Amino acid sequence: MTQPRVVVTGIGAVTPLGNDVTDFLTGIFAGQVGINPITKFDATATGITVAGEVNGFQPEKRLAKKLANRLDLFSTYGLYSADEAMTQAGLTAETIDPERLGVIYGSGIGGLTTIEEQVIKMHDKSPKRVSPLFVPNAIVNMVAGNIAMQFNAQNTSQAIVTACASATNAIGDAFEYLRQGKADAIITGGSEASVNQIGIAGFAALTALSKATDPMQASLPFDSQRQGFVMGEGAGTLVLETLDHAQQRGATILAEIVGYGTTSDAYHMTAPRPDGAGAKRAMQQAIDEAGITPAAVDYINAHGTATAANDSAEAQAIASLFAANESLKVSSTKGMTGHLLGAAGAIEAIATVGALQQGRLPVNVGVTQQDPACPVTLVDEANQQTAPTYALSNSFGFGGHNAVVAFKKWVTA
């Protein structure tokens with residue numbers, strides 16, 4: 001039996017560049033930087049001064065105030081972006097059987113703000129003062145659970161936790177689940193809210209974060225002067241749907257998802273394999289499933305965290321697999337948003353869908369002098385007006401998790 005084709009029918013975003021898809025994509029293609037001095041807490045003692053914070057967020061625009069107030073921010077971000085995506089997709093009780101609607105959603109850490117607040121409360125006051133909502137707000141699966149409850153999604157409800165690959169693994173798993181015919185639509189993506197004291201302090205202790213004080217010089221993917229990633233926060237949601245179901249109800253199709261690859265480095269807790277072998281295999285799997293060759297790929301939205309080891313390993317993997325593809329363009333959008341950890345792959349998948357729709361590419365913001373150890377052709381203002389047909393979105397996470405999703409420009413048959 002022929003496997004169903006899978007398409008994207010809705011997208012939603014809460015990001016450092018704006019709290020809806022329109023503002024986010026406008027910022028992405030204009031090369032805007034959403035990194036600013038940290039305002040959520042006094043970060044002086046951490047030695048880190050900037051982050052990609054979500055600004056001007058008003059959850060009551062889409063969510064009941066009582067609901068938003070009782071959830072950890074990572075769930076609120078996810079719910080908010082999911083509402084935008086579902087609204088765009090037009091999926092309602094009248095257009096889909098709830099038993100055929102599922103949720104597969106990612107987060108790297110979950111309710112970190114809740115954990116921080118409640119541990120402080122327990123320490124300073126008493127264990128008896130810990131909130132009864134501590135556990136349901138902190139556990140990673142609750143963004144998926146809350147989305148399922150909000151939209152009466154009675155098919156599968158899963159939480160994917162693979163560090164910074166979480167959202168891309170979630171999207172890929174949703175794609176495969178739909179191809180198996182187990183559902184008609186899946187709400188997928190990722191959410192993270194780790195711009196808080198313990199989040200910044202923890203990554204600073206790993207010496208993973210940029211210590212730059214100038215937001216414009218903080219996140220420099222593939223640049224020779226890169227010094228670490230900038231923490232970001234937010235969420236991205238995609239509604240994936242079988243092509244038949246989408247066409248039967250007259251949905252607007254934004255892009256097609258055609259391949260997925262996922263591998264493990266099995267190498268180190270935080271560092272990738274220096275030669276990028278695991279990343280290369282994941283990209284190969286994605287294009288194999290898409291039924292294309294490396295020569296067909298026009299654009300890669302790279303993981304590109306602006307850490308020394310990650311950028312060089314990923315670039316080596318790309319250069320090796322796509323050696324004969326001289327037209328391939330690569331960019332990391334983390335120079336604009338910072339690194340949203342478990343949500344990164346979701347907003348980057350949306351940026352990739354935007355590139356396919358708009359026929360242009362996001363510039364690799366932050367590069368002044370490209371590192372020779374990163375031998376890829378980066379997107380700049382001179383080559384930005386490239387119209388891609390096939391594009392990959394890469395995500396790699398601590399623990400050696402590699403995930404790659406392949407998208408194709410939608411052309412009406």
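Modelled spin-label separation between Thr386 and Thr44, with each label point placed 7 Å from Cα along the Cα-to-Cβ direction: 4.6 nm.
Per the Debye formula on identical point scatterers at the alpha carbon atoms of region 237-348, with no solvent, log10 I(q)/I(0) at q = 0.21, 0.23 Å⁻¹ is -1.29, -1.42. In this structure Thr87 has an accessible area near 90 Å², from a 1.4 Å probe over the protein heavy atoms.
Calculate, for the chain, the solvent-accessible area per residue in square angstrom, rolling a 1.4 angstrom probe over the heavy atoms of the protein chains. Spell out each step's value before the answer.
Details: 15720 Å² over 413 residues.
Here the per-residue accessible area is 38 Å².
Using C-alpha pairs below 8 Å separated by at least 6 residues, the relative contact order for region 71-200 is 40 percent.
Between the C-alpha center of region 86-147 and that of region 261-316 there is a gap of 30 Å. Using bins of 5 Å that start at zero, the share of Cα-Cα pairs per bin across region 315-413 amounts to 2, 12, 21, 25, 24, 12, 3, 1, 0, in whole %. For the residues Arg70, Arg273, a 1.4 Å probe over the protein chains yields an accessible-area ranking, largest first, of Arg70, Arg273. With a cut-off of 12 Å between beta carbons, the residues surrounding Leu240 carry a summed charge of -3, where Lys and Arg count +1 and Asp and Glu -1.
Based on the reciprocal of the average 1/r between different C-alpha atoms, the Kirkwood radius for region 58-116 equals 13.0 Å. Once the Cα-Cα distance is subtracted from the 0.36 nm per residue extended length, the Leu133 to Phe57 segment shows a gain of 25.1 nm. Largest accessible area first, the residues Arg249, Arg129 order themselves as Arg129, Arg249 under a 1.4 Å probe with ligands, DNA and RNA left out. Between Thr87 and Glu176, the C-beta separation translates, for a Förster distance of 30 Å, into a calculated FRET efficiency of about 0.70.
Using only side-chain charges placed at the Cβ, +1 for Lys and Arg and -1 for Asp and Glu, the dipole size of the chain relative to its Cα centre rounds to 640 debye. Based on Cα contacts under 8 Å between residues 6+ apart, region 1-100 shows a relative contact order of 34 percent. Considering only Cα-Cα distances, which of the following residue pairs are longer than 28 Å: Lys211/Lys280; Lys61/Lys182; Lys40/Lys211; Lys40/Lys329; Lys280/Lys409; Lys182/Lys408? Check vs 28 Å cut-off fails for Lys211/Lys280; Lys61/Lys182; Lys40/Lys329.
Ligands, DNA and RNA left out, the 1.4 Å accessible surface of region 114-158 is 59% carbon and sulfur atoms.
A cut-off under 15 angstrom between Cβ atoms defines the neighbours of Met216, and their net charge, with Lys, Arg +1 and Asp, Glu -1, is +1. Of Ala266, Ala167, Ala204, the residue with the greatest mean-square motion in the GNM of the chain, using alpha carbon springs below 10 Å, is Ala266. Considering only beta bridges that DSSP places wholly inside the chain, some 65 percent are antiparallel. Cα centroid separation, region 189-243 to region 1-51: 10 Å. Computed with every protein chain present, the accessible area of Ser320 is close to 60 Å² [probe 1.4 Å].
Look at the dipole of region 110-267 built from charges on Cβ: of Ser224, Ala235, His245, the Cα furthest out on the positive end belongs to Ala235. Estimated at the nearest 10 Å², the accessible area of Val161 is 80 Å² with a 1.4 Å probe. Only helical runs count toward this figure. For the chain, summing -39,500 (n - 2.57) over DSSP H runs of n ≥ 4 and dividing by all residues gives -10000 deg cm²/dmol at 222 nm.
Looking at the chain from every direction and averaging, what is the projected area of its Cα convex hull in nm²? Mean shadow area of the hull around the Cα atoms is 18.9 nm². Take every pair of alpha-carbon atoms less than 8 Å apart whose residues are at least six positions apart; their mean separation over the length of region 227-312 yields a relative contact order of 36 percent. A Förster radius of 22 Å, combined with the Cβ-Cβ distance separating Asp23 from Ile253, puts the computed FRET efficiency at roughly 0.45. Note on Met149 and Lys66: the model spin-label points, each 7 Å out from Cα along the C-beta direction, lie 1.2 nm apart. With every protein chain in place and a 1.4 angstrom probe, the accessible-area ranking of Lys334, Lys211, largest first, reads Lys211, Lys334.
Calculate the dipole size of region 156-233 relative to its Cα centre from +1 charges on Lys and Arg beta carbons and -1 charges on Asp and Glu beta carbons; express the result in debye to the nearest 20. Dipole size: approximately 120 debye.
The values are calculated or read from the model by the stated rules, or taken from the named source; none is laboratory data. What you see is a predicted model, and the numbers here were worked out from it, not measured in a lab. In this analysis, Cβ positions are derived from the backbone assuming ideal geometry, glycine residues included, and neighbour counts consider all displayed protein chains. Heavy atoms of the whole protein, side chains included, go into the accessibility calculation; ligands, DNA and RNA do not. Shrake-Rupley method; radii C 1.70, N 1.55, O 1.52, S 1.80 Å.
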